[in-house]
Structures are given as C-alpha cells and as structure tokens.
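Following: one structure in structure tokens, then a few remarks.
The values are calculated or read from the model by the stated rules, or taken from the named source; none is laboratory data. Just so it is clear, the structure is predicted and the values come from calculations on it, not from any experiment. We place every Cβ from the backbone using ideal geometry, glycine too, and count neighbours over all the protein chains shown. With ligands, DNA and RNA removed, areas are computed over all heavy atoms of the protein, side chains included. Shrake-Rupley method; radii C 1.70, N 1.55, O 1.52, S 1.80 Å.
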Amino acid sequence: MTRGDYAPAQVLFGGDWSPEQWDPATWDEDLALMRRAKVNTVTLGVFSWSALEPTEGAFVTDWLDEILERITAAGIGFFLATPTASPPPWFTRAHPDALPVRPDGTRLTHGSRDTYAISAPAYREASRRIARRLAERYGDHPGLRGWHLHNEYGTLDHGPHAERAFQAWLARRYGTIDALNRAWTTAFWSQGYADFAEITPPRATQYLPNPAQAIDFRRFSSDEMLAAMVEQREEIRSVGSTAPVTTNFMLPTWNHLEQWSWADEQDVVSLDHYLDTVGPDAEAHVAYGSDLARSWSGGPWVLMEQNARGIRVDGRTVAKGADRMIRHCLGYIARGSQSSLFFQWRQSAGGSEQWHGALVPHAGGDTRGFAAVERLGGILERLAPVTALPADGPLVRSEVGILWHADAWWALETPDLPSSHLSYSAEVRATHRSFWRAGIPVDFVRPLADLSAHRLLVLAAQYPLSDAQVTWLEEFVEGGGELVVTYLSGLADEHLRIATGGYPGRLRELLGVRGEELLPLPAGERITLSDGSEAEGWTELLETTDAEVLAAYTHGELASLPAITRARRGAGRVTYVSAGWTQEARDQRLSALAAELGISPTLPGAAERGLEAVRRRSAGADHLFLLHHGAAPVTVRADGQDLLSGDSATGGLRLEPGESAVLGLAPDAPITLLED
Ligand code: GLA
C-alpha cells in the first residue's frame with residue numbers, strides 16, 4: 001500500500017473497546033449493542049499491556065483470541081494497538097531508569113499512563129518484543145484493518161537516556177561542535193561547548209534556556225519517538241504482516257511531533273480530535289482538524305478518536321446533542337476521513353477516565369445517547385460509496401494553502417519572546433477559520449511542497465524559515481502565486497537566530513518592507529487601521545522599501561506609517577500584515593482577496609446562511625456534503641440524490657436547521673443554493 005490509498009469498503013464505525021475491563025456477560029451485551037448500531041470496527045489493545053504480558057515474557061492472549069472470535073462472528077473488524085503507551089507495573093519496577101524525567105529532575109512514577117522514557121533501551125526492547133508478539137499471533141488476521149502503533153506519542157523525557165541520545169542526534173545534525181556553537185550562539189552567557197558530551201537536554205536552570213537548544217530538543221524528541229514507532233513497524237513487517245500501519249496524532253492542545261515526517265512513515269494518518277469550544281466555532285474546529293489530517297496524510301485519513309457525548313470546556317462537559325454529533329461526524333468524512341471512530345465504546349465504571357463520554361453511556365443502551373449512536377450507524381452505512389478514491393487528483397480540490405510546520409509551534413513556545421501571548425496554533429487556526437467562514441476549501445502545505453494546485457498561500461506566524469524555504473516562497477510568488485504573510489513570520493532562521501538589518505529579516509526583500517521595532521499591544525487594546533479594520537496584540541514600526549501601502553496605522557506614534565503592504569514580484573504578489581488582525585479583519589481581507597483572485601466558495605451564499613458545503617471526490621462521482629448549522633431552512637439544487645434520505649435534489653432539496661445531506665453527483669456537476 002502506498003500512503004494515500006487507504007480505502008475500506010465502508011465508513012469505519014465504532015471505537016476503542018476495552019473488554020479487559022468487563023466480564024463476559026458484558027461482552028455479550030456489547031456485541032448485541034454493536035449489531036444494533038451497525039458498528040463495524042473496534043480498536044483493541046490500546047492500554048492492554050498488563051493484560052497481555054502480566055509478568056515479563058509471559059504472554060496471555062486467550063482473552064484476546066476469544067474477543068477476536070466473537071467480533072469476527074459478528075462481522076466486525078479491528079485496529080490492533082501495540083500497548084506501549086502504558087507500560088505495566090512489573091516493567092517500571094524492573095527498569096526504573098525507563099521512567100521519564102521532567103526538566104526539574106523529578107522522575108515520574110507509575111500510576112497513570114504515558115510514563116516511559118522513549119530513549120531507554122529496556123523500554124524500546126520491551127516495546128519491540130510485544131509488537132512482534134502481537135504481529136506473530138494476529139498479523140494476518142482477516143479482520144485486521146490496521147496496526148495502531150502506541151497511542152498519541154508525546155512524552156518528553158529529560159533524563160540520562162535522553163541526554164545521550166540527544167548528544168548523538170546533535171552530532172549527526174551539526175557534524176562539529178563548532179558548527180553547533182555557531183548555530184546556538186553559545187558565545188552568549190558563556191555556553192561554548194568543547195564536546196557534544198557536555199550538552200544536556202534543556203533542564204531546570206537558573207534563568208532562561210538557550211532557544212536554539214530548546215527547539216532542537218523538541219525536534220530531537222519528535223525524531224526519537226518516530227524512531228521508536230518505526231522500530232515497532234519493522235518488527236511487525238518482519239514477521240510478514242502487511243496490514244496498514246498508523247499511529248494516532250492528537251489535536252489540539254499540545255504538539256510534540258513534526259507531523260509531515262511522521263506521515264512519511266505510515267500507510268495512513270490517523271487523528272484523535274477533541275473539540276475545545278461549544279460555540280459555532282466547534283464546527284470550524286472539525287474542519288480544521290480534518291484539513292490538517294487530510295493534508296498530512298496526502299489523501300484519506302482515519303479519525304481514530306472523538307468524544308461521542310460532549311465537549312469539555314471551562315472545566316465541564318457540555319452535551320453535543322444528536323444532530324450536532326452527526327454533523328460533526330459528517331464534517332470529518334466530508335474532508336477525507338474514512339471513519340467515525342470514538343473514544344470509547346463503553347463508558348468505564350472505574351479508572352481515571354470513568355466520566356469520559358462513550359458510545360454506550362453508564363445508563364446503558366436504552367438511552368437517548370445510544371439512540372443517537374444507532375441513528376449515526378444507519379447514516380454511515382449509507383455512505384459506503386464515499387470511501388472509494390478518485391482515479392486521480394485530490395479528495396477535496398482546494399486552491400488555498402496554509403503553511404504548517406511544527407517548528408513554528410515550538411519556536412513560539414521558547415521563552416522571552418517580545419510577547420508572552422503568542423500561539424502558533426491560535427494564528428493558524430484563526431486563518432483557517434476565515435476560509436471556513438467563507439466556505440472556501442483549504443489545504444495545509446508542507447514547506448518546499450509542490451504548490452502548482454494552490455493560487456493563494458498564507459504564512460501565519462511562521463517564525464523560523466530556512467534558506468531553502470525562503471527561496472521556495474520567492475519562486476512561488478515570482479511564478480504568479482499570491483502570498484500573504486502575517487506578523488511573526490520569517491523573523492529568524494531555523495536555529496532561531498534573528499535575521500538582522502530590519503524585520504522580518506528572512507522575508508524583507510520579498511515583502512519590500514523594513515521593520516525597525518516590534519511593538520506588542522497591551523492585552524485587550526484594539527486599534528483601528530486606515531482601511532477601517534481593527535487590530536490587536538501586535539504592531540510594528542515599519543517602512544516600505546519596495547511595496548505599496550494597503551492600510552496604515554492611525555494611532556499614536558505609528559500614525560500614518562504602513563501597517564499592511566503589498567509588493568509585486570515577477571508574475572505574483574505578496575501581502576504583509578504587520579498588525580495583529582482581529583478575526584473579523586482577517587475574515588474580511590482573506591475572503592476579499594480570494595474573491596479578487598476568482599477563488600470561489602464550494603457553494604456561493606451557503607456559508608452566510610450557516611450551511612457548510614464540502615465537495616469530496618470519489619471514484620467516478622462527487623459527494624456534496626451539506627451540513628446545516630444555521631437557523632433557517634435552506635434549499636439546494638443539484639442533479640443528484642441524497643444518500644441519507646434517498647430524496648432527489650434535482651428540483652431542490654430543503655434542509656431544516658440541524659439537518660444534513662450527502663448528494664451523489666456526477667464529477668463537477670453544478671450546484672446552486674436557491675433563494676427562499
Ligand atoms: C486521548 C486518548 C484516549 C483518551 C482520550 C480522552 O485521545 O488516546 O485514551 O484518554 O484522550 O479524551
């Protein structure tokens with residue numbers, strides 16, 4: 001299988017199932033409920049290490065054999081996890097050095113999960129062993145839909161094993177200690193190293209750490225975890241299992257992985273996505289997670305986990321409601337997910353996450369919650385034609401790209417930047433939200449990627465840029481591309497060394513501007529620009545060298561100086577936004593720019609009425625997903641049929657608020673929103 005080819009015959013529906021937490025009578029009830037809801041996939045083994053290997057080297061698999069027999073008889077397939085995210089007590093007793101160490105030197109103890117030191121040889125060996133063992137026993141099982149390696153890689157270790165591995169990683173990256181000293185600016189504060197062996201992970205220290213050391217440690221940690229994942233994959237392959245391999249990424253709150261390089265090592269990308277807002281922004285968040293996962297995967301992807309019941313926000317869980325839960329599931333599928341999988345199947349009676357939502361709530365199958373799950377199962381069954389892949393081209397056509405790279409996330413987490421209120425994910429998400437609000441499809445773009453499909457590219461807070469990345473951007477613009485660059489982009493090179501001579505140094509020539517001072521605004525203060533738009537958080541003392549001024553500052557000492565500029569380069573143009581634009585200003589300017597470039601929404605007029613429209617391409621057909629988040633009925637006309645209701649849309653299909661439809665259409669068939 002090549003990445004981008006993951007095409008199950010049906011939308012995968014189900015979730016994490018932990019039969020080891022329950023007795024066989026509950027298994028019977030579970031299987032009866034799974035049949036009722038048309039569940040076709042479960043994920044097994046995620047945290048089952050102590051059940052599979054209760055003492056070192058003694059493997060107990062009869063319970064799993066029995067579970068597989070039962071689900072196979074019920075026609076249910078499975079992802080099988082390697083349980084390495086939660087080593088059992090015997091392991092940590094025997095190998096206390098394999099527990100992770102915090103920057104302050106605290107060695108964590110057993111009692112939760114994810115307590116592993118990724119570079120500890122004993123941990124790596126035990127992980128390889130159990131991965132191999134599972135592959136030997138289950139690797140050719142006909143119901144195996146894929147290997148779910150580990151769970152949400154992401155524990156950082158600052159202990160002695162990490163120290164040695166970090167030193168070796170640095171030696172490979174820099175070659176000589178002189179090169180590292182230059183890249184890290186170790187002349188500052190007397191940090192000059194004579195040997196790689198003197199370097200430690202960034203640990204608790206008297207004052208600020210070196211930012212270059214901090215970001216390299218994040219890169220190293222991602223690479224080290226990736227190496228551990230690849231080892232598991234190789235064990236599985238070495239015993240002949242050819243089932244697709246994935247590991248579940250996690251969004252949105254933390255990010256310890258560089259997803260593009262991780263995607264290269266998997267057959268399909270999978271994502272755990274937990275919403276963090278209950279307002280209308282939850283729907284925009286679904287689209288954001290989906291567009292990232294599809295872009296990382298380079299096509300279809302697997303939604304491995306979501307919360308069935310509610311959204312956790314402000315310290316409480318807010319129920320989603322059946323229609324909304326269904327619209328969210330369809331929102332992921334519209335943008336390339338081949339699944340609707342959940343954490344978890346049955347709500348736990350005990351253990352740390354006993355209050356986390358599940359498909360089967362504590363109150364059981366005779367509940368409105370489970371009725372919604374059954375409704376969802378019926379809907380997903382009718383979506384089987386959607387999972388077939390188009391013969392060529394993308395799943396979702398998009399002319400807009402947003403650059404994504406974990407380096408920028410990590411760079412903005414280094415200490416003592418000009419403002420401590422900077423967040424890469426907030427900037428990128430706000431940019432994506434603007435296009436979502438306009439109904440315009442978006443891809444995320446890997447640095448140095450082929451941009452021939454994208455006419456508009458946005459760089460949001462892309463703080464570090466390498467030489468190659470700068471050249472790539474210049475070529476995009478020269479060749480006719482439209483580039484938008486926001487503040488905090490291009491200030492530094494990949495070692496977080498500021499490019500001097502004026503901000504943003506890496507892009508100064510391309511943008512035709514020169515900034516002298518970065519002037520963050522006090523929290524809560526809003527300023528107005530000369531075009532009437534508002535800005536918050538950030539301003540710059542800027543002059544143009546070879547660009548026109550689209551909007552000027554109007555306040556204080558910056559009054560009448562450039563705020564937003566545009567330069568022409570070759571056949572293209574580049575806009576620089578030096579002010580921290582508000583969401584409204586961002587929405588307005590990006591949708592106006594898209595309109596100027598002739599980049600249209602999927603269904604013009606829909607987004608304004610709360611109707612989300614996404615066109616997913618499949619084999620010989622398009623599927624138009626219509627998700628109605630708005631408050632008044634809408635009618636859409638297209639020459640096709642709704643897969644959900646069976647109704648024709650040829651004369652117009654009416655959607656009430658909260659409803660959804662998935663129209664099967666001829667490729668590129670026209671679609672219209674009718675006036676009510
Ligand atoms: C993660 C994990 C699950 C569970 C959920 C709860 O995504 O993978 O095991 O803890 O979070 O939201």
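Being over 15 Å from the mean Cα position of the chain (by Cα), open to solvent by less than 40 Å² (accessible area, probe 1.4 Å), under 19 Å from residue 254 (Cβ atoms) and not polar (S, T, N, Q) is a property that does not hold for residue 379.
Taking the stretch 404-446 as the range and being over 24 Å from residue 523 (Cβ atoms) and more than 18 Å from the chain's Cα centre (by Cα) as the test, the residues that pass are 437, 438, 439, 440. Note on the stretch 321-347: residues that are in a helix (DSSP H, G or I) and either of a type outside the set (Asp, Glu) or buried (at least 23 other Cβ atoms within 10 Å of the Cβ) (or both) amount to 12. Within the stretch 147-191, being away from the ligand (no atom under 16 Å from the Cβ) and touching a strand residue (DSSP E or B) at 6+ places or on another chain (Cβ under 7 Å) holds for 157, 158, 159.
Looking across the stretch 70-119, the residues that are more than 30 Å from residue 208 (Cα to Cα) and among the β-branched types (Val, Ile, Thr) come down to 71, 72, 76, 82, 84, 92. In the stretch 344-368, the residues that are under 17 Å from residue 13 (Cα atoms) form Cβ pairs under 7 Å with partners that are of a type in the set (D, E, K, R) and near the ligand (Cβ under 10 Å from one of its atoms), at six or more places apart or across chains, as follows: 344/16; 345/16. Selection over the stretch 315-338 of residues that are closer than 14 Å to residue 286 by Cβ and within 16 Å of the ligand (Cβ to nearest atom) gives a count of 5. Based on this model, can you work out whether residue 26 counts as open to solvent by 10 Å² or more (accessible area, probe 1.4 Å) and polar (S, T, N, Q)? Yes, satisfied. Could you go through the stretch 492-511 and let me know if any residue there is over 24 Å from residue 215 (Cβ atoms), of a type in the set (Lys, Arg) and in contact with a Ser or Thr (Cβ under 8 Å, 6 or more places away or on another chain). Checked the stretch 492-511: no residue is over 24 Å from residue 215 (Cβ atoms), of a type in the set (Lys, Arg) and in contact with a Ser or Thr (Cβ under 8 Å, 6 or more places away or on another chain).
The rows are residues; the columns are (1) in a loop (DSSP other than H, G, I, E, B); (2) under 19 Å from residue 577 (Cβ atoms); (3) open to solvent by 10 Å² or more (accessible area, probe 1.4 Å).
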position: 419; (1), (2), (3): yes, yes, yes
position: 435; (1), (2), (3): no, yes, no
position: 443; (1), (2), (3): no, no, yes
position: 448; (1), (2), (3): yes, no, yes
position: 451; (1), (2), (3): yes, no, yes
position: 458; (1), (2), (3): no, yes, no
position: 472; (1), (2), (3): no, no, yes
position: 476; (1), (2), (3): no, yes, yes
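Criterion first (out of contact with any strand residue (DSSP E or B) (no Cβ under 7 Å at 6 or more places or on another chain), within 16 Å of the ligand (Cβ to nearest atom) and either open to solvent by 30 Å² or more (accessible area, probe 1.4 Å) or closer than 22 Å to residue 79 by Cα (or both)) does residue 351 satisfy it? In short, yes.
In summary, residue 603 fulfils each of the numbered conditions (1) more than 29 Å from residue 483 (Cα to Cα); (2) surrounded by 18 or more Cβ atoms within 10 Å (Cβ to Cβ) with the single exception of condition (1). Quick check on my filter: what residues within the stretch 291-310 are modelled with pLDDT of 95 or more and more than 13 Å from residue 269 (Cα to Cα)? Matches in the stretch 291-310: 306 only.
Conditions tested, residue by residue: (1) under 26 Å from residue 594 (Cα atoms); (2) open to solvent by 10 Å² or more (accessible area, probe 1.4 Å).
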| position | (1), (2) |
| --- | --- |
| 468 | no, yes |
| 479 | yes, yes |
| 489 | yes, no |
| 495 | no, yes |
| 509 | yes, yes |
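Go through the stretch 96-113 and give me each residue that's in contact with a Phe, Trp or Tyr (Cβ under 7 Å, 6 or more places away or on another chain) and in a loop (DSSP other than H, G, I, E, B). Within the stretch 96-113, 100, 113 qualify. Residue count for the stretch 276-289 satisfying the condition of being within 16 Å of the ligand (Cβ to nearest atom) and within 12 Å of the chain's Cα centre (by Cα): 3. Only one entry in 54, 96, 87 is over 20 Å from residue 374 (Cβ atoms), of a type outside the set (A, V, I, L, M) and within 16 Å of the ligand (Cβ to nearest atom), namely 87. Scanning the stretch 354-366 for residues that are more than 13 Å from the ligand (Cβ to nearest atom) and either under 23 Å from the mean Cα position of the chain (by Cα) or open to solvent by less than 30 Å² (accessible area, probe 1.4 Å) (or both) returns 359, 360, 361, 364, 365. Counting only residues that are part of a loop (DSSP other than H, G, I, E, B), touching a residue at least 24 places away in the same chain (Cβ under 8 Å) and among the polar types (S, T, N, Q), the stretch 478-504 holds 1 of them.
So residue 401 clears everything in (1) within 27 Å of residue 597 (Cα to Cα); (2) more than 22 Å from the chain's Cα centre (by Cα) except one condition, right? Which one? Unmet condition: (2). For the stretch 296-313, a residue qualifies if it is open to solvent by 20 Å² or more (accessible area, probe 1.4 Å) and more than 16 Å from the ligand (Cβ to nearest atom), and exactly one does: 298.
The residue list 561, 542 contains one member that is closer than 21 Å to residue 422 by Cα and at pLDDT 95 or above, which is 542.
Within the stretch 264-275, the residues that satisfy the criterion of being open to solvent by less than 10 Å² (accessible area, probe 1.4 Å) and within 16 Å of the ligand (Cβ to nearest atom) are 269, 270, 271, 272, 273.
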